[in-house]
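Enquirer: This is the structure I want to talk about, given as structure tokens.
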Amino acid sequence: MDQALSFALLAVGLALASSLVSCFAARFPCLLRLVALPVFALAGLAALVAGVVALWDGGTATMTLPLGLPWLPWQLHLDALAGFFLAIIGIVGAAAGIFAPAYVRGIERSSESLPMLGGFTGLFLSGMLLVVLAGDAFLFMVAWELMSLSSYFLVAFHHEHAANRRAAFLYLLMAHIGGLSILLGYGVLASFGGGFAFTAMRAAELTPGWASVAFALAFVGFGMKAGLVPLHAWLPEAHPVAPSHISALMSGVMLKVAVYGFIRFVFDLTGEIQWQWGVAVLAIGSLSALMGVLYALMQHDLKRLLAYSSVENLGIIFIGLGLSLLYLGTGHRLLGALALVAALYHSLNHALFKGLLFLGAGAILHSAHERDLEHMGGLLRRMPWTGLLFLIGCLSIAALPPFNGFVSEWLTFQASLQAWQLDSGVLRALIPIVAATLALTGALAALCFVKVYGIAFLGQARTRHVRRARPVPSSMRAGQAVLAVGCVLLGVLPTAVVALLSVIPEQILGHGLPQATAHGWLWLTPVAPETGSYSAPLVVALLAAMAVAAAWLWRRGVVRRVRRGDPWDCGFAMPSSRMQYTATAFAQPVRRVFGLLFRIDESVETDNKGVLRHRLAVHDRAWTLLYLPIARLVDAGVRRIVRLQSGNVRIYLGWTLATLLVLLWIIS
Amino acid sequence: MTLAELPLLQQLLLVLAALVLFTSFVLLEQARLVSAIHAFAWQGALIAAITVIVATGGGAKHLYFSALLTFMLKVLLIPWMLHRQVQRLDLERHTQALRRPALVIMAAVALVVFSYWLALPMVAQELTFTRNIVAVSLAIVLIGLLMMVFRPQAVLQVLGFMSMENGLFLAAVSTTQGMPLLVELGVAFDVLVAMVLFGVFFLQIRDSIESLDVDRLNRLTETVENER
Amino acid sequence: MDYLLTFLPWLLAAVQALLYLALAPLLAGWLRRIKARLQNRRGPSLWQPYRDLYKLFGKEARVATTASPLFRAAPYIVFVATWLAAATVPLIAVDLPTAMVADIIVLAGLLALARFFLALAGMDIGTAFGGMGASREMLVSALAEPAMLMAVFTLAMTAHSTNLASMIDAQLAAGLVLRPSFLFALGALVLVAIAETGRIPVDNPATHLELTMIHEAMILEYSGRHLALMEWAAQIKLVLYGALIANVFFPWGIAQSTAPTALATGALVILLKLLALAVALAISETVLAKMRFFRAPALLNLALLLALLGLLGHVILEVGS
């Protein structure tokens, strides 16, 4: 276990080294690409190794750093849960590090701020690693802020556009509100535990009321970072504007760090779990999943779409966590462990496929200079490898067997179908409804990614620069391939993964999932073999066998030739690329059926030449329902306060005096 | 006690009760007036069938009579009267879709869950299967009220009212083997009178506000500001 | 799970899988014939779908110049995924290892996989019809899927299992029990089946009227063996839903052992059930008219409502505590 910790420290060190090296990139731009980013990839690899070793070993390791405050030295703590998230950070970090050099080359010329990009990327990674490794709330918060701040600078990387600056500011603002909420939550725990170390908090006995307060604060804080509806508004603004490998890290990994924080705080530190928390988490999770995918469907900017889809997937993860809380709160420890494993599995999966898709979007951006789906088309024939890898990502995120997204959704379904064991009839009715929402979400996600893949990679190119797209360098492909292989492996060998993951509930809940893997590596049986079983290897084998049988059947004797010709299209003229269905048209039925949930501005105007113009904008309802009222409230409050700003120095001094007196009175 | 242990007759009773609940949803959502009237008639028929089953199972002879009464009144007479009203008011092809149906249906589903939750404490005193029917009948009553809230059309309002009465009747039949015959007769008579009154009322509001939309009755308020 | 490694059940599963292949065109032919009779036509022979498939397999496939490799791979993927999904549904005997390999959620997932590639294939050529068909198909299925899963969950919660074989066993063991939840789930599943297999009133399998097509619009560009595979997959899907409805809700007659008489009875009974279901479908298709596309969500909402009521019915009426 100590090896794992030293590997983790090595990862942090390498990340910091990568950040340090990049400082010199202003003089020698190639330094970033040749040294800093490979070191970054190595840091990812080290974190991956550390995580896997920690999971394998199943123990815990702690260490006190000679840093921090005198009475509060920083403590590192590595257990299975932390190890698992280290592995997530590591694998996506490594893939991004492999992908990035070629990508950075594309922006090397145009951008002045390479040191900033490299430096903050390294800091960002080390921040995330330290959050996971932290053994006390103080280090946790410091690392958390390091992660938030460095990612703020990365979001603001293309700061020449005003919209990007606005997105970055919104991100900073919400990250801080969230950070404050988490800090208060830790404050509650610390006051009961008598210290900021996690061990003290774990030992503390909270009263139910204060436990709920701590839970609510943590849910708001971590939920804001995880982009749960309605606190998601920053996410679709901030994630797309960063460089693509950073988007992959932010969407794939940083959101997972929030999930880690939530699990650590609620499952591990808070103590007695109440089932009402589960209901709240379930409700917010389902809402996020559904709204996330619906808004993703309305986007035609590829990266923005992927960002909204992250909201959806985090919703699915939180559905799993909510189920787990609910079962744990009602005393069903086995089912709680099952739901927790489902949520963790989906975290890993989402990191892999969302990282893959963001890197794919980066490859498209690199090669075709395009983010807008409406301008793409026919990329599969121009970038076949990226096309294939992106397809794997789409299949995984659409939760189709035998890929990884399906396994975690299947586990979540299995966990929710055990609702009949609950005593409360209302909960028994509620949970299957949540499961149906999950099914709707999955089907809509499939719709969404048919749209993405069909519009971007199939059909014909819609613009000239997309027509000229060339395959990307092999290092970029390698970065994507790492994640794609992960997607396939996690889909085909779920039993091994679940066996590895069941250490985590064993450690923090005291109850593992022995029966899930009790029937050999072929069979995944979360509860019992009669209740439900899934054998991904056999599904793949059967699919292959059937394909072989089918091919063999009509290989013999019948015509094999394929003749090429013009498309038929019901006998209409040869279609041009402008006659294809567009992304907006593809999603139009959804827009109409779920119209209630969007704020749609649609108008048809005739300009002075008599040309019809169709304008369509779909807005996020969260803005009008939540953010603008708050903004107005704050605005009105500030207007009150601004009256103090009279410009007279003596009045300011008077206020200072008054403040001083009040403070003195309070502390006396 | 699980369902499979109940005698077949009681299982049938539960199936019919669930179907009554379904007709309530159909009533709530139905856009066409004539179809809504048919749905109401079906609801009545189902309730009559339930009454017959309870009568066979429990041996309360007067229930046969009340089943007959229900059948005559709610399956034949009232739908026929409503039909004639609709014909006379020339509303046969009238459709009025529910606005935001998804939300209303979700509200109705929530009402079902809520009434189930309300009925839960009864388990301590009664048989489970009775509790369940009480939950269903309470849901039917609440959905009837919900229908009166969300459907401004006067005929549909009447149907909502009548289906509330159906829910109450279902509860009475299934839990306490029906009310005393005298009470039942009185209620039936009341319903009939209400029906006649409603008929007159339709004609009157039709004459005075040229529509059967009860929202238009807002104009009858004294304050002028309410008028759009 | 050890018995799965023995030979006989796997053999049985293979036979059933092949039976699906063999039965699918027959059911399509029977359906067409009944419909023709109902419309006072003589109609084609029962064996016509077989002849059509044979003819298509013998023909050269023509592929548009704008097609990508995915276009040529898609028919195989669609066919195999649908076939595997079908192979998990017990047809003549319950005792299936494939039902253990893939439970009913996996079945839904496999059908979704097939649909995913079908829709992608529709969009590949870059014609407007293909995109339209893909968009509509995905929407219909997105609305149908929650209804289907909720209906299935109701059954699963009764049987405490998502495994189709266990569900059928539980149903058989309980004997005749009138369950309100099953009634509603049946209604929901029938509506879902109609929507998913592209029957009237959601889609018209016989149409080539351009703006009303859904399924046909996606396979418009296919010919030869590719078209044959797509058509065959669609026919298998119809049998799959038929067998699912017939065997889950009315499992009586299905073979519970591997005795030859039981198997023979099972085969005969399922054939009769499927033919009867096809008659019902033919009648409903003759009576109903195809809906406008944007009316279809209303139908699927009804399916969802039924499934929801089934679930609530299960919780409220059936589970005593």
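Enquirer: Would you pick out the residues in segment C:99-132 that are more than 17 Å from the chain's Cα centre (by Cα) and more than 7 Å from chain A (Cβ to nearest Cβ)?
Expert: Listed by number, the residues that qualify are C:A121, C:G122, C:G130.
Enquirer: Please state which of the following conditions C:W47 fails to meet, knowing it meets all the rest: (1) under 23 Å from the mean Cα position of the chain (by Cα); (2) within 9 Å of another protein chain (Cβ to nearest Cβ).
Expert: (2)
One line per residue, one yes/no per condition, for (1) under 22 Å from A:L334 (Cα atoms); (2) surrounded by fewer than 18 Cβ atoms within 10 Å (Cβ to Cβ); (3) at pLDDT below 90:
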{"site": "A:A445", "(1), (2), (3)": "no, no, no"}
{"site": "A:V452", "(1), (2), (3)": "no, no, no"}
{"site": "A:A478", "(1), (2), (3)": "no, yes, no"}
{"site": "A:H511", "(1), (2), (3)": "yes, no, yes"}
{"site": "A:Q515", "(1), (2), (3)": "yes, yes, yes"}
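Enquirer: Filter segment C:67-98 for residues that are in a helix (DSSP H, G or I) and more than 9 Å from chain A (Cβ to nearest Cβ) and give the result.
Expert: Answer for segment C:67-98, where residues must be in a helix (DSSP H, G or I) and more than 9 Å from chain A (Cβ to nearest Cβ): C:A73, C:A74, C:P75, C:V78, C:T82, C:A85, C:A86.
Enquirer: Find all pairs meeting these conditions: Cβ atoms under 9 angstrom apart; at least six residues apart or on different chains; first residue within segment C:247-261 and on the phi > 0 side of the Ramachandran plot; second residue among the charged types (D, E, K, R) and surrounded by 15 or more Cβ atoms within 10 Å (Cβ to Cβ).
Expert: C:G253/C:K273
Enquirer: Only one of C:P75, C:P97, C:P90 is in contact with a His (Cβ under 7 Å, 6 or more places away or on another chain) and either closer than 17 Å to A:S535 by Cα or crowded, with 21+ Cβ neighbours inside 10 Å (or both). Can you tell me which?
Expert: Numbers: C:P97 fails: in contact with a His (Cβ under 7 Å, 6 or more places away or on another chain); C:P90 fails: in contact with a His (Cβ under 7 Å, 6 or more places away or on another chain).
Going through C:P75, C:P97, C:P90 in turn, the sole match is C:P75.
Enquirer: Suppose we filter segment A:15-34 for residues that are crowded, with 23+ Cβ neighbours inside 10 Å and within 30 Å of A:L81 (Cβ to Cβ); how many remain?
Expert: The qualifying residues number 3.
Enquirer: Still on this structure: Considering only segment C:272-294, state which residues are touching a residue at least 40 places away in the same chain (Cβ under 8 Å) and part of a helix (DSSP H, G or I).
Expert: Selection gives C:L274, C:L275, C:A278, C:V279, C:L281, C:A282, C:I283, C:S284, C:E285, C:T286, C:F293.
Enquirer: Might you check whether a residue that is more than 9 Å from every other protein chain (Cβ to nearest Cβ) and closer than 30 Å to A:R592 by Cα occurs anywhere in segment C:145-156?
Expert: Checking segment C:145-156: at least one residue is more than 9 Å from every other protein chain (Cβ to nearest Cβ) and closer than 30 Å to A:R592 by Cα.
Enquirer: Can you run down the residue pairs with Cβ atoms below 8 Å, 6 or more apart or on separate chains, where the first is in segment C:12-24 and under 12 Å from C:A93 (Cα atoms) and the partner is among the aromatic types (F, W, Y)?
Expert: Cβ pairs passing all conditions: C:A17/C:W83.
Enquirer: Okay, moving on. Please report, ordered by residue number, the helices (runs of 4 or more DSSP H) entirely within segment A:219-266 with at least 1 residues that are surrounded by 24 or more Cβ atoms within 10 Å (Cβ to Cβ) and among the charged types (D, E, K, R).
Expert: A:255-262
Enquirer: Suppose the filter is crowded, with 19+ Cβ neighbours inside 10 Å and touching a Phe, Trp or Tyr at 6+ places or on another chain (Cβ under 9 Å); does C:A296 pass it?
Expert: Numbers: crowded, with 19+ Cβ neighbours inside 10 Å: yes; touching a Phe, Trp or Tyr at 6+ places or on another chain (Cβ under 9 Å): no.
No.
Enquirer: Residues of segment A:555-601 being modelled with pLDDT of 85 or more, in a strand (DSSP E or B) and either more than 8 Å from every other protein chain (Cβ to nearest Cβ) or surrounded by 15 or more Cβ atoms within 10 Å (Cβ to Cβ) (or both), which ones?
Expert: Answer for segment A:555-601, where residues must be modelled with pLDDT of 85 or more, in a strand (DSSP E or B) and either more than 8 Å from every other protein chain (Cβ to nearest Cβ) or surrounded by 15 or more Cβ atoms within 10 Å (Cβ to Cβ) (or both): A:R599, A:I600, A:D601.
Enquirer: Take segment A:616-658 and flag every residue that is more than 44 Å from the chain's Cα centre (by Cα) and in a helix (DSSP H, G or I).
Expert: A:V649, A:R650, A:I651, A:Y652, A:L653, A:G654, A:W655, A:T656, A:L657, A:A658
Enquirer: Here is a further query. Could you pull out the residue among C:S161, C:S166, C:S135, C:S141 that is in contact with a Lys or Arg (Cβ under 6 Å, 6 or more places away or on another chain), at negative phi and within 11 Å of chain A (Cβ to nearest Cβ)?
Expert: C:S141
Enquirer: Against the definition (over 24 Å from B:S174 (Cα atoms), in a helix (DSSP H, G or I), at pLDDT below 85 and within 13 Å of chain C (Cβ to nearest Cβ)), how does B:A97 come out, yes or no?
Expert: no
Enquirer: Do you know which residues across segment A:343-386 are over 22 Å from A:H239 (Cα atoms) and either over 23 Å from the mean Cα position of the chain (by Cα) or modelled with pLDDT under 95 (or both)?
Expert: Residues satisfying the conditions are A:G377, A:G378, A:L379, A:L380, A:R381, A:R382, A:M383, A:P384, A:W385.
Enquirer: Could you tell me how many of the residues in segment A:419-438 are more than 21 Å from the chain's Cα centre (by Cα), in contact (Cβ under 8 Å) with a residue 40 or more places away in the chain and surrounded by 24 or more Cβ atoms within 10 Å (Cβ to Cβ)?
Expert: Summing the residues that are more than 21 Å from the chain's Cα centre (by Cα), in contact (Cβ under 8 Å) with a residue 40 or more places away in the chain and surrounded by 24 or more Cβ atoms within 10 Å (Cβ to Cβ) in segment A:419-438 gives 1.
Enquirer: Going through segment A:438-463 one residue at a time, which ones are more than 7 Å from every other protein chain (Cβ to nearest Cβ), part of a helix (DSSP H, G or I) and either aromatic (F, W, Y) or under 15 Å from C:L308 (Cβ atoms) (or both)?
Expert: A:L438, A:F449
Enquirer: Please go through segment A:403-435 and give me each residue that is at the interface with another protein chain (Cβ under 9 Å from one of its Cβ atoms), closer than 19 Å to B:Y116 by Cβ and of a type in the set (A, V, I, L, M), ordered by number.
Expert: Passing the criteria: A:A419, A:V426, A:A429, A:L430, A:I433, A:A435.
Enquirer: What are the pairs, 6+ residues apart or on separate chains, where a residue within segment C:295-321 that is more than 10 Å from chain B (Cβ to nearest Cβ) and part of a loop (DSSP other than H, G, I, E, B) has its Cβ under 9 Å from a residue that is β-branched (V, I, T) and surrounded by fewer than 24 Cβ atoms within 10 Å (Cβ to Cβ)?
Expert: From segment C:295-321, no pairs qualify.
Enquirer: For segment A:13-34, which residues satisfy the criterion of being of a type in the set (A, V, I, L, M, F, W, C) and outside any helix (DSSP H, G or I)?
Expert: Answer for segment A:13-34, where residues must be of a type in the set (A, V, I, L, M, F, W, C) and outside any helix (DSSP H, G or I): just A:F28.
The values are calculated or read from the model by the stated rules, or taken from the named source; none is laboratory data. Since this is a predicted model, take the numbers as computed values, not measurements. Using ideal geometry, Cβ is built from the backbone for each residue, glycine included, and neighbour counts are taken over all protein chains shown.
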